[in-house]
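A.B. asks: Please find one structure pasted underneath; my questions will follow.
The values are calculated or read from the model by the stated rules, or taken from the named source; none is laboratory data. What you see is a predicted model; the values in this text were computed from it and never measured. Every residue, glycine among them, receives a Cβ derived from its backbone with ideal geometry; neighbour counts consider all protein chains shown.
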Amino acid sequence: MRNTCVLVASSLSVFFHALNPAPARAAPILTDWAFNIHGETYESYPGGTLPGGFDDSLFDWESGLGELSFLYHPASPGSSSIVAFFDHELSPGTTSFFYNDYGISGGTLSAGQTWEIDEPGYVFGDICLNVLSGSLDNENAVPEGLENDVSLAIGWSFTLSGNEYALIRWRMTPDPSFPAGYTGLYLAQINELSQETLYFTSTLDIYESDPAPVPVPEPASMLLFGFGAAGVVAAGRRMQSG
């Protein structure tokens, strides 16, 4: 993040991927990210790592596209808050690094949800400070006509009881067709020159118990278990016959 956690742009690794066969277009680059999890901040710079509970199997950390999920169960019940911040560079190699993007917001804001679109702190933006404090301002500081560098953030505030879990998902996609039936908040970052667009959505689900699925043995494992059980039975019979 900028301000307190300055990202050195020259240190970024640049990787290109084709999003569509025609016209060929480089994927975005995820230049910076941060999460504020109930007052604890995790950032990409320097050497960012995430706590347990995150699933990034559907997320590409180079392009910043895909889905991240986080299963959260607090040490004690009560109010909690989680904020996610992402700073993407759109159309790398085809436009200048700064000043060509703008943001829009749409959809329906859910209870306990906050958001922010802002310049990430190189010049005027306060989004990094707001992420660090856990208080987004629900404003777009970089609308069309005031293009600049753009970053996006979405936050959640919620209350959990002693046995409840929160599952938060964040999705970044160039496809405007959100998951089927989704009518919630979305943020978008648009490059005015290439018209490349990144959509950012998030959902929160609260469960009364751990929603993690119970592992089901694969057929090979079940077969091995069967052999083991048969061996135990046979051994018992031998002991009885002895």
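A.B. asks: Is it true that some residue in the range 154-166 is free of Cβ contacts under 8 Å to residues at least 60 places away in the same chain, crowded, with 16+ Cβ neighbours inside 10 Å and either charged (D, E, K, R) or not assigned by TED's automatic domain parsing to the domain that holds Glu40 (or both)?
C.D. replies: No, that holds for no residue.
A.B. asks: While we're on this one: Please count how many residues of the range 69-87 are under 20 Å from Asn130 (Cβ atoms) and surrounded by 16 or more Cβ atoms within 10 Å (Cβ to Cβ).
C.D. replies: 9
Okay, residues lined up against (1) modelled with pLDDT under 95; (2) among the charged types (D, E, K, R); (3) farther than 16 Å from Asn36 by Cβ; (4) in a strand (DSSP E or B):
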site	(1), (2), (3), (4)
Leu136	no, no, no, no
Leu152	no, no, no, yes
Trp156	no, no, no, yes
Thr159	no, no, yes, yes
Trp170	no, no, no, yes
Pro176	yes, no, yes, no
Gly181	yes, no, yes, no
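A.B. asks: Scan the range 39-79 for residues that are of a type in the set (S, T, N, Q), in a strand (DSSP E or B) and under 21 Å from Phe200 (Cβ atoms) and jot them down.
C.D. replies: Thr41, Ser57, Ser69
A.B. asks: I'd like to check something: does the range 3-25 contain any residue that is among the hydrophobic types (A, V, I, L, M, F, W, C), modelled with pLDDT of 55 or more and part of a loop (DSSP other than H, G, I, E, B)?
C.D. replies: no
A.B. asks: Taking the stated definitions as given, is Phe200 touching a Leu at 6+ places or on another chain (Cβ under 7 Å) and either crowded, with 20+ Cβ neighbours inside 10 Å or not in a strand (DSSP E or B) (or both)?
C.D. replies: Yes: the conditions hold for Phe200.
A.B. asks: Ok, one more. Within the range 103-133, count every residue that is aliphatic (A, V, I, L, M) and either within 21 Å of Leu193 (Cβ to Cβ) or surrounded by fewer than 16 Cβ atoms within 10 Å (Cβ to Cβ) (or both).
C.D. replies: So the count comes out to 6.
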